[in-house]
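Right, one structure below, let's go through it.
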Amino acid sequence: MNNEPPFEIFLAVAPGLEQALCEEAREKGFADPAPVPGGVVLQGGWPEVWRANLVMRGAGRVLVRIGGFRALHLAQLDKRARRFPWAETLRPDVPLKVEATCRASRIYHAGAAAQRIETALREELGATISAGAALRLMVRIEDDLCTFSLDTSGESLHKRGHKQAVNKAPLRETLAALFLRECGFHGQMPVMDPMCGSGTLVIEAAEIAAGLYPGRDRAFAFEQLASFDPAAWQAMRATARPGTPALRFHGRDRDTGAITMSRANAARAGVEAFTDFRPGPISDLTPPEGPPGLVIVNPPYGGRVGNKNLLFGLYGAMGKVLLERFRGWRVGVITSEPGLARATALPFLPAGAPVAHGGLRVTLYQTGVLGTR
C-alpha cells in the first residue's frame, strides 16, 4: 500500500478558515499543505488519509481523489466508468451513494451522469447503490474532465463521538478548535468561557492541552474501503501520547442545565479531571487562580437564540467585567453582529474574515492583553 503513488487529499473547512487549517496541517506533519477555497490540499496515500481523520481538529471532512478521465458524452462516460478500477478502492459488499455535479461540460445533466456511474458500479463491481448509504462517491464533471472523489470521513468530523448533550445553538468543535488556534492557543494557557453552553470551547481546549486525538472515539467511512488495513490503523491510533495538563479549563453559564450538560460531555471526553464547570451569571465572573490566559466566548447573537435587541446590555456587562477583572488576559468573542461586539467596549484588534456557521456568518473579535485603564 505504501508503494502506491500519492493522490490528492482535500481537507474541507468553513470558508475564511483555510489558512488556520493549513497551519494546523503543517504543524501536524503533513507535507506541503496548500490553502485553496473551502479547504486545504495535500498529497499522500491512505495512511495520510487515516491520520488526517484521526488528528486534524479543524477539518470538517477528508476527501480523496481516486482518479478520473475525460468524457465528452454519456456513452463515453458509461464505457470509461465500466473500465475504471473500482475494486482497488471500493468493496462490493459496502453500499454507497453517488453524487454528481456538472459544470462547463458537454455532459450537463448531473442526474444522467450519476445514473451511468451507478450502473457501472452495480454491473462491474457488484456494488449496492443506496441513497441512505454512509459511503459517498462524488463525481465532478468540469470542462469535460470527470473526477471521482470519496468522502473518507462519513459523519462530519465535528462529531467527535463523545458529545451527546448540546445546547440551542452549539458551536461546532471544528470551528472551536480553529478559533482557539486563531487566538494563539496551543495548550499552554488557561481558558475561560463565561457562557459555555454545552462546553464545546472549554472541552476542545482541554483536549488540545492533553494531547488527545479528536477522532479517538468514533468510526470513519474509510474503514469500509478495500484499501483499509485494520492492523495499521490500530497501530496509528496507539501512537497517541496523552498527558494530564497542569492547567485547568473553566466554563461558566447562568443556566445550571448547561453546566450539567458540560460536565457530562467533559466526562465522556475524558477531560473532567482538568475542566471546571460552575453555574453563575456574568456579573459574578472572576478570574480563576493561576496565570492569566484566554477568555473565549460564543455568546448568543440573536440569529437563532433570542432577540438581539435584548443582548446589547449582556455584551456591555460582559465587556465591563472583563475590562475590570481580567487584566493580563486576552479575549476572543465570536458573534455575527459587529454592533454587539462594539457594545462590549473591549479594545478589539482588526477582525478577520467572517466564517459561515449554521446559516449565519460569524466573526472572531480578539483583543491583545488587557491592561489597566
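The values are calculated or read from the model by the stated rules, or taken from the named source; none is laboratory data. None of the values given here were measured: they were computed from a predicted structure. Heads up, the Cβs are rebuilt from the backbone with ideal geometry, glycines too, and the neighbour counts pull from every protein chain shown. To get the accessible areas, we keep the full protein, side chains included, count just its heavy atoms, and leave off ligands, DNA and RNA. Shrake-Rupley method; radii C 1.70, N 1.55, O 1.52, S 1.80 Å.
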Relative to the first principal axis of the alpha-carbon coordinates of the chain, what is the inclination of helix 74-83, with its axis defined by its Cα atoms, in degrees from 0 to 90 and to the nearest 10? 90 degrees
Probe 1.4 Å, heavy atoms of protein chains only: per residue, the accessible area of the chain in Å² is 44 Å²
If you take the square roots of the eigenvalues of the alpha-carbon gyration tensor of the stretch 214-346 and sort them as a ≥ b ≥ c, do you get rounded (a/c under 1.5), prolate (a/b over b/c) or oblate? prolate
Taking H as built 1.01 Å from N, whose amide H comes closer than 5 Å to the amide H of T275, not counting residues under 5 places away? F249
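At most 15 other Cβ atoms within 10 Å and a DSSP loop assignment: could you name the chymotrypsin sites (Phe, Trp or Tyr not before Pro) in the stretch 11-108 that fit?
Y108
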To the nearest 0.05, the calculated FRET efficiency linking A31 and A232 through their beta-carbon distance, R0 being 22 Å, is 0.70
So how do D78, D255, D193, D229 rank on accessible area, 1.4 Å probe, biggest first, that is with the largest at the start? D255, D229, D78, D193
Semi-axis lengths (Å, descending) of the ellipsoid that matches the C-alpha gyration tensor of the chain: 43, 22, 18
Of all accessible surface on the chain at a 1.4 Å probe, what whole percent is carbon and sulfur? 51 percent
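Mind putting a number on the dipole of the stretch 265-365 about its Cα centre? Charges go on the C-beta only, +1 for Lys and Arg and -1 for Asp and Glu, and I need it in Debye to the nearest 20.
Numbers: 10 positive and 6 negative charges, 59 e Å.
In total the dipole reaches around 280 debye.
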Eligible aspartates and glutamates near K79 by straight Cα distance, threshold 17 Å, same-chain separation 8 or greater: E118, E123, E124, D144
Pop out the ³J(HN,Hα) list for the stretch 123-138 in order, Karplus 6.51 cos²θ - 1.76 cosθ + 1.60 with θ = phi - 60°, rounded to Hz; leave Gly and Pro as x. 7, 9, 9, x, 6, 9, 9, 9, 5, x, 5, 6, 8, 10, 9, 9
So how much slack lies between Q115 and A87, counting 0.36 nm per residue of separation and subtracting their Cα-Cα distance, in nm? 8.2 nm
Computed over all unlike Cα pairs, the Kirkwood hydrodynamic radius of the stretch 63-193 in Å stands at 17.2 Å
Rounded to the nearest 5, what % of the DSSP beta bridges within the chain are antiparallel ones? 60 percent
Show log10 I(q)/I(0) for the stretch 1-120 at q = 0.14, 0.18 Å⁻¹, two decimals, from a solvent-free Debye sum over equal Cα scatterers. -0.74, -1.04
Between helix 200-210 and the chain: long-axis angle, C-alpha atoms, 0 to 90°, nearest 10: 80 degrees
Let me check something: with ligands and nucleic acids excluded, how do S156, S283 order by accessible area (1.4 Å probe), largest to smallest? S283, S156
Return a whole-number percent for the relative contact order of the chain, with Cα pairs under 8 Å and 6 or more residues apart as the contact set. 14 percent
³J(HN,Hα), Karplus 6.51/-1.76/1.60, whole Hz, each residue of the stretch 20-29, x for Gly, Pro: 5, 5, 4, 4, 5, 4, 5, 5, 7, x
Projecting each Cα onto the charge dipole of the chain (Lys/Arg +1, Asp/Glu -1 at the beta carbon, about the Cα centre), which of P288, P15, L247 comes out farthest on the positive side? P288
Go through the stretch 10-79 and name the trypsin sites (Lys or Arg not before Pro) that are in a DSSP coil and have 15 or fewer other Cβ atoms within 10 Å of their Cβ. K28
